[in-house]
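Taking it in order: structure first as structure tokens, then the write-up.
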Amino acid sequence: MSQRIVTLISEEDIAARVKELGRQITEEYRGRNLVLVCVLKGSFVFTSDLARAIDLPMRIEFLGVRSYGEGTTTSGVVQITQDLSRPIEGEDILIVEDIIDTGLTIAHLLDLFRTRRPNSIKVCALLHKPSRTRIQVPIDYLGFTIKDAFVVGYGLDWAEKYRNLPSISLVESD
Ligand code: PRP
């Protein structure tokens, strides 16, 4: 069985959308205590591009998570493998995700962070698959809505591979 990588969202289209999101976030967070929270591993590429599209002083934090579930889907039971380096009380938290699929991971993270008394918490996701929603979560900033297909690249993996592809792509088997 051979596999083909087929581009779904090009490098250029991602770059243009990330710049727009960065401009919007810059306007809305001016004068506030913005902290970007990069949810590892998938959002490391998106976070690094988004951060450079935001023209504000801000902190960047990294959160290690591991979700256990039925194979390729999350169960919503999220284990924190690497916590934030500092408290977030009184700060304006923007959680950065590569993809929101069932919504279970982000719902868990919102519950977790609310207990730490930040000033605000919002969500920025590059991709959303509404057809797979199991729990509705707010997505304050969204790059693209996609169909229910397995996507890789720009941080997203297939068995830990393809995270370094510059575009969002489909893996097709024949
Ligand atoms: C992906 C993604 C989100 C989560 C979304 O992470 O980065 O964290 O799944 O799925 P959900 O909305 O159904 O909860 P993954 O578990 O693939 O780990 P990774 O980021 O390390 O690749």
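The values are calculated or read from the model by the stated rules, or taken from the named source; none is laboratory data. Values in this document were obtained by computation on a predicted structure and should not be read as measured data. Please note: Cβ atoms are built from the backbone with ideal geometry, for glycine as well, and neighbour counts cover all protein chains shown.
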>> Can you tell me which condition E89 does not meet? The list is (1) surrounded by fewer than 19 Cβ atoms within 10 Å (Cβ to Cβ); (2) within 21 Å of L165 (Cα to Cα), and all the others hold.
In response: (2)
> Among (1) near the ligand (Cβ under 10 Å from one of its atoms); (2) in contact with a helix residue (DSSP H, G or I) (Cβ under 9 Å, 6 or more places away or on another chain); (3) in contact (Cβ under 8 Å) with a residue 40 or more places away in the chain; (4) not in a strand (DSSP E or B), which single condition is P166 missing?
Replying inline: (1)
> Hey, does the range 146-158 have a residue that's within 23 Å of V37 (Cβ to Cβ), among the β-branched types (V, I, T) and either outside any strand (DSSP E or B) or in contact with a helix residue (DSSP H, G or I) (Cβ under 6 Å, 6 or more places away or on another chain) (or both)?
Replying inline: yes
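Residues are listed down the side, and each one gets a yes or a no for (1) of a type outside the set (S, T, Y); (2) without any contact (Cβ under 8 Å) to a residue 24 or more places away in the chain; (3) farther than 23 Å from V137 by Cα:
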| residue | (1), (2), (3) |
| --- | --- |
| A16 | yes, yes, yes |
| L36 | yes, no, no |
| A53 | yes, no, yes |
| L84 | yes, no, no |
| E91 | yes, no, no |
| I99 | yes, no, no |
| T105 | no, no, no |
> What number of residues within the range 61-101 satisfy the criterion of being at pLDDT 85 or above, assigned to a loop (DSSP other than H, G, I, E, B) and more than 10 Å from the ligand (Cβ to nearest atom)?
Replying inline: 9
